[in-house]
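The structure appears below as structure tokens.
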Amino acid sequence: MSLSQRDVQDILQEYVEHHHGLSHDIAYHLVKAAEACATEVAIRADLFPKDASLDFPEVISLARFYSQIDPLRKTIFDEESRAGRAHDEIKFRHFYQWLDDKAETNEYGNGRKISLRDALVGTDAYETAFPSRVDNDVDEDRHIADYADA
């Protein structure tokens, strides 16, 4: 099943609305704002106004989160602080775990959740959030102690 931008938005809206308990109206507008923020930050990149990011850090936060859960976008990471990046990883893990749990249930609309979950595997956000799940190319003929010097 092909994954569309609308699928990502609908799944995120369900996550915000049902998992976090926010109203339908707030969830809808939050998703639209997150998408717009991700687009704006991605287009402007290093030219994004520093004053705007200081006065409205929510713009950057929404952009980073949306870019992580949309496999069709380049992931925007917090390069300025390790704490910010760790927070992004936790948010992504939390979303991915919810998505994985929902994808395993037998409910209407599950195909889109399964497609998004599968599409997220292998993305920059996934590999950063779940480093132990990524293939480390270990040679089966060597003992793990042989890698201690590397």
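The values are calculated or read from the model by the stated rules, or taken from the named source; none is laboratory data. These figures come from a predicted structure and were not determined experimentally. Virtual Cβ from ideal backbone geometry, glycine too; neighbours counted across all protein chains shown. Just so you know, the surface numbers come from the protein's heavy atoms only, side chains and all, with ligands and any DNA or RNA stripped out. Shrake-Rupley method; radii C 1.70, N 1.55, O 1.52, S 1.80 Å.
In region 1-54, the qualifying residues are those that are among the polar types (S, T, N, Q) and part of a helix (DSSP H, G or I), and the one that is farthest from the chain's Cα centre (by Cα) is Ser53.
Conditions (1) at negative phi; (2) under 13 Å from the mean Cα position of the chain (by Cα); (3) among the acidic types (Asp, Glu), marked per residue:
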{"position": "Leu72", "(1), (2), (3)": "yes, yes, no"}
{"position": "Leu99", "(1), (2), (3)": "yes, yes, no"}
{"position": "Ala103", "(1), (2), (3)": "yes, no, no"}
{"position": "Arg112", "(1), (2), (3)": "yes, no, no"}
{"position": "Asp118", "(1), (2), (3)": "yes, yes, yes"}
{"position": "Asp124", "(1), (2), (3)": "yes, yes, yes"}
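Among the residues of region 91-108, none is identified as exposed (fewer than 13 other Cβ atoms within 10 Å of the Cβ) and in contact (Cβ under 8 Å) with a residue 24 or more places away in the chain. Could you list all residues from region 110-128 that are open to solvent by less than 40 Å² (accessible area, probe 1.4 Å), of a type outside the set (Phe, Trp, Tyr) and free of Cβ contacts under 8 Å to residues at least 60 places away in the same chain? Asn110, Arg117, Leu120, Thr123, Ala125, Thr128 - these are the residues of region 110-128 that are open to solvent by less than 40 Å² (accessible area, probe 1.4 Å), of a type outside the set (Phe, Trp, Tyr) and free of Cβ contacts under 8 Å to residues at least 60 places away in the same chain. Scanning region 39-55 for residues that are open to solvent by less than 100 Å² (accessible area, probe 1.4 Å) and of a type in the set (Val, Ile, Thr) gives Thr39, Val41. The residues of region 58-76 that are assigned to a helix (DSSP H, G or I) and either open to solvent by less than 70 Å² (accessible area, probe 1.4 Å) or in contact (Cβ under 8 Å) with a residue 24 or more places away in the chain (or both), listed by number, are Val59, Ile60, Ser61, Leu62, Ala63, Arg64, Phe65, Tyr66, Ser67, Gln68, Ile69. Annotation: Tyr15 fulfils all but one of (1) farther than 20 Å from Ser115 by Cβ; (2) surrounded by 15 or more Cβ atoms within 10 Å (Cβ to Cβ); the unmet one is (1).
Going through Asp141, Asp100, Asp78 one at a time, which residue ends up being at pLDDT below 75 and farther than 27 Å from Phe48 by Cβ?
Working: Asp100 fails: at pLDDT below 75; Asp78 fails: farther than 27 Å from Phe48 by Cβ.
Exactly one of Asp141, Asp100, Asp78 is at pLDDT below 75 and farther than 27 Å from Phe48 by Cβ, namely Asp141.
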